[in-house]
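Participant: A single structure is presented below for examination.
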């Protein structure tokens, strides 16, 4: 078993540390946010991630600290799991990675392997290797492919492991850290590993935008949208994954990574028109959905109940959330918007427009509303009894932007039913 440090206790860092501890390694997770460290030391996860609940504190082989140098100077492998937020230009900000490399450059033991887990632009790992100035240490790129809400499952059962390293023997050692999982492993150079990560997210974003646009065309044509995508997915070259329309894509990865890839392409002298169109298509789709909502209710005195504010179920992440954007846009345009999300009552760091009123339960978000809109696919929303909430509504109308409600049951309960699935 190895001694490992994980620099950064966010979504990726905490998941990585817990998984490696499960495999028996000795892990120190370093995080400069002292309050987050104290929360972790109490055995609590400082953000909502279903797969990590009740996992922190179960492994005596995990320690938490706010001292990056101490963590990195006493390990064989150091995973860099730091944020790379988007700059105003669209480029990814890698300054946090550069700062920690500078911080512990002279403190690493010989033969330490520095592993870049963060999503970084092409060329970053090579630049960090030069910045490290330690020929007696090694640097590798090992991008993560974790879905929020299912992060630990994805760590335990990866679809693939990608390792960019100039020394194949070091790549083999990194693979061994994961307990030789039964999955393909791609051992390659720095640049290819970095580009695999960006390309994966850009392709999925493109697929989602295409599906949303086709759903709009299907609705206008009067086609059966649900059967349309069922028929498309039966082609084994396409499959059924990511063939479900929704309010648009968001979160911490797709918006940031698509912009960063567009920026990288520009720096290389290539205009990535296709991906630029994908980003603009996602923007237009959210605007179309907002317009559709407005068309269903009169502005003066209208009240809209919103179910879901996170960008997807299973996480408290509201970054670039289409649900949050739509709710805020409606509130800014003068509608009374009352929203409920299972994660909102447990977090104080919400980025919600003050004009959006937060409800504490589903009944509260329905009371006196002219329209109910489902924007996040939380399981509890699909189990709502429409017969119970119909009397609470001022106007029994529902728009299901996630395709999780039973149209027949809601219509039977007296609702006018609208959705992205035209059936």
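Participant: With the requirement that a residue be surrounded by 15 or more Cβ atoms within 10 Å (Cβ to Cβ) and touching a residue at least 60 places away in the same chain (Cβ under 8 Å), what does the range 263-278 give you?
Facilitator: 263, 264, 275, 278
Participant: Residue 172: surrounded by fewer than 22 Cβ atoms within 10 Å (Cβ to Cβ), over 30 Å from residue 316 (Cα atoms) and assigned by TED's automatic domain parsing to the domain that holds residue 80, yes or no?
Facilitator: Criteria met by residue 172.
Participant: Let me ask you something else. Quick check on the range 127-143: of everything there that is in contact (Cβ under 8 Å) with a residue 24 or more places away in the chain and within 17 Å of residue 169 (Cα to Cα), which residue is surrounded by the fewest Cβ atoms within 10 Å (Cβ to Cβ)?
Facilitator: Per the stated criteria, the residue is 136.
Participant: Something else about it: Is the range 158-168 home to any residue that is touching a helix residue (DSSP H, G or I) at 6+ places or on another chain (Cβ under 7 Å), part of a helix (DSSP H, G or I), modelled with pLDDT of 95 or more and under 30 Å from residue 130 (Cα atoms)?
Facilitator: No, the range 158-168 has no match at all.
Participant: Would you call residue 195 assigned to a helix (DSSP H, G or I) and under 18 Å from residue 83 (Cα atoms)?
Facilitator: So residue 195 passes the test.
Participant: OK, next. Taking the stated definitions as given, is residue 209 in a helix (DSSP H, G or I), touching a residue at least 60 places away in the same chain (Cβ under 8 Å) and more than 22 Å from residue 312 (Cβ to Cβ)?
Facilitator: When the stated conditions are applied, residue 209 does not pass them.
Participant: Please indicate, with yes or no, whether at least one residue in the range 144-164 is farther than 30 Å from residue 315 by Cα and without any contact (Cβ under 8 Å) to a residue 60 or more places away in the chain.
Facilitator: no
Participant: Let me ask you something else. Looking at the range 33-54, which of its residues are over 20 Å from the mean Cα position of the chain (by Cα) and either surrounded by fewer than 17 Cβ atoms within 10 Å (Cβ to Cβ) or in contact (Cβ under 8 Å) with a residue 60 or more places away in the chain (or both)?
Facilitator: Across the range 33-54, the qualifying residues are 33, 34, 35, 38, 41, 42, 43, 44, 54.
Participant: Follow-up. Do we have residue 12 as crowded, with 18+ Cβ neighbours inside 10 Å, closer than 21 Å to residue 174 by Cβ and out of contact with any strand residue (DSSP E or B) (no Cβ under 7 Å at 6 or more places or on another chain) here?
Facilitator: Here the answer is yes, as residue 12 does meet what is asked.
Participant: Looking at the range 189-217, which of its residues are farther than 23 Å from residue 250 by Cα and crowded, with 19+ Cβ neighbours inside 10 Å?
Facilitator: 190, 193
Participant: Also, I was wondering about something else. Among the residues that make up the range 227-242, is at least one of them surrounded by 15 or more Cβ atoms within 10 Å (Cβ to Cβ), more than 19 Å from residue 122 (Cβ to Cβ) and in contact (Cβ under 8 Å) with a residue 60 or more places away in the chain?
Facilitator: The answer is no; no qualifying residue exists.
Participant: If residue 404 meets every condition in (1) in contact (Cβ under 8 Å) with a residue 24 or more places away in the chain; (2) assigned to a loop (DSSP other than H, G, I, E, B); (3) over 26 Å from residue 218 (Cα atoms) apart from one, which number is that one?
Facilitator: (3)
Participant: Moving on to the next point. Is the range 46-68 home to any residue that is within 19 Å of residue 139 (Cα to Cα), touching a helix residue (DSSP H, G or I) at 6+ places or on another chain (Cβ under 6 Å) and assigned by TED's automatic domain parsing to the domain that holds residue 180?
Facilitator: Within the range 46-68 (the criterion being within 19 Å of residue 139 (Cα to Cα), touching a helix residue (DSSP H, G or I) at 6+ places or on another chain (Cβ under 6 Å) and assigned by TED's automatic domain parsing to the domain that holds residue 180), the answer is yes, since at least one residue qualifies.
Participant: For the range 407-421, give me the residue count where each residue is surrounded by fewer than 21 Cβ atoms within 10 Å (Cβ to Cβ) and in a helix (DSSP H, G or I).
Facilitator: Qualifying residue count for the region: 5.
The values are calculated or read from the model by the stated rules, or taken from the named source; none is laboratory data. Only a predicted model underlies this, so the values are computations on that prediction, with no experimental measurement involved. Positions of Cβ are backbone-derived with ideal geometry, glycine not excepted, and every protein chain shown enters the neighbour counts.
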